[in-house]
Amino acid sequence: MTPAEETEQVRRFYDRIATRYDRGIRLGEWVLFKEGRRWAAAQARGETLEIGIGTGRNLPYYPAEVRLTGIDVSPAMLELARERARQLNRPVELRAGDAQALDFPAASFDTVVSTLSLCTIPDPAQAVREAARVLRPGGRLILLEHVRSPLLPVRVIQRLLEPITVRLEHDHLLREPLEYVEAAGLVVEQLERSRLGLVERLVARKPE
């Protein structure tokens, strides 16, 4: 399967489950990520791009002064994000887009945010390279992701589960975003692991 074909599969999946997404993810987020979305959005400054904005679950937490753009591969998810933005009276530019090929000029944003999206993007390393490209010098990439645990017993369980989660939900359990960030030439400023190493909060800066 080509990356384009896999991306189309992901789009169709999220279009299909869009109306059930918030309900389905609520418990898992409460168990694993707690205030993670609030933390990620609060780091944003200036012109901000959120990749994989989904149904807009981060919208309530962005500082009011942030000028926000959000993309998602799923039009159905974006419709729900638009409704959430209207309810919150939150200005945001929402558009369909692929994080692996961002339709923005280089050095367009002060901040790029990704929460729980690199696990489903077919080529996450390319998505991080694109995030680095559209960041201005000194701009920051903010990540909240579930990742490969450094604890062997936990990692073995992840390895057993991953074929199922990938098949059913396009959800990869063994990815390591830190590797993509460093390969893209970004400088890690903050890295926190929690929940048996399953949850990662990462802030990285584009060199000036």
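Data for the structure
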{"item": "Subset of the stretch 77-92 (residues that are open to solvent by 30 Å² or more (accessible area, probe 1.4 Å) and either under 16 Å from SER114 (Cα atoms) or aliphatic (A, V, I, L, M) (or both))", "result": "LEU80, LEU88, VAL92"}
{"item": "Leading residue by the ranking (nearest to GLU6 (Cα to Cα)) among those in the stretch 67-76 that are open to solvent by less than 50 Å² (accessible area, probe 1.4 Å) and either part of a helix (DSSP H, G or I) or of a type in the set (A, V, I, L, M) (or both)", "result": "VAL73"}
{"item": "Cβ pairs under 7 Å, 6+ apart, first in the stretch 147-160 and basic (Lys, Arg), second part of a helix (DSSP H, G or I)", "result": "ARG148/ARG155; ARG148/GLN158"}
{"item": "Residues of the stretch 103-118 that turn out to be crowded, with 21+ Cβ neighbours inside 10 Å, at negative phi and not small (Gly, Ala, Ser), as a count", "result": "6"}
{"item": "Meets criteria (small (Gly, Ala, Ser) and open to solvent by 10 Å² or more (accessible area, probe 1.4 Å)) for ALA96", "result": "yes"}
{"item": "The lone exception for PRO137 - which of (1) touching a Ser or Thr at 6+ places or on another chain (Cβ under 8 Å); (2) closer than 21 Å to GLY185 by Cβ; (3) open to solvent by 50 Å² or more (accessible area, probe 1.4 Å) it fails", "result": "(1)"}
{"item": "Positions within the stretch 169-208 being part of a strand (DSSP E or B) and without any contact (Cβ under 8 Å) to a residue 40 or more places away in the chain, in sequence order", "result": "VAL187, VAL188, GLN190, LEU191, GLU192, SER194"}
{"item": "Filter result for ARG57 (closer than 19 Å to ASP15 by Cβ, modelled with pLDDT of 95 or more and open to solvent by 30 Å² or more (accessible area, probe 1.4 Å))", "result": "yes"}
{"item": "Residues of the stretch 77-102 satisfying the condition of being in a loop (DSSP other than H, G, I, E, B) and farther than 19 Å from TYR14 by Cβ", "result": "ASN89, ARG90, PRO91"}
{"item": "Residue within the stretch 162-182 that is farther than 22 Å from GLN126 by Cα, touching a strand residue (DSSP E or B) at 6+ places or on another chain (Cβ under 8 Å) and modelled with pLDDT of 95 or more present", "result": "no"}
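Table: residues versus (1) over 20 Å from PRO3 (Cβ atoms); (2) β-branched (Val, Ile, Thr); (3) out of contact with any strand residue (DSSP E or B) (no Cβ under 8 Å at 6 or more places or on another chain).
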residue	(1), (2), (3)
GLU93	yes, no, no
ALA96	no, no, no
PHE104	no, no, no
ASP110	yes, no, no
THR120	no, yes, yes
ALA127	no, no, no
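The values are calculated or read from the model by the stated rules, or taken from the named source; none is laboratory data. This one's a predicted model, so the numbers in the text were calculated from it and none came from an experiment. When we count neighbours, we look across all protein chains shown, and the Cβ atoms used for this are built from the backbone with ideal geometry, even at glycine. The protein model used for the area step is the full one, side chains on, heavy atoms only, and it has no ligands, DNA or RNA in it. Shrake-Rupley method; radii C 1.70, N 1.55, O 1.52, S 1.80 Å.
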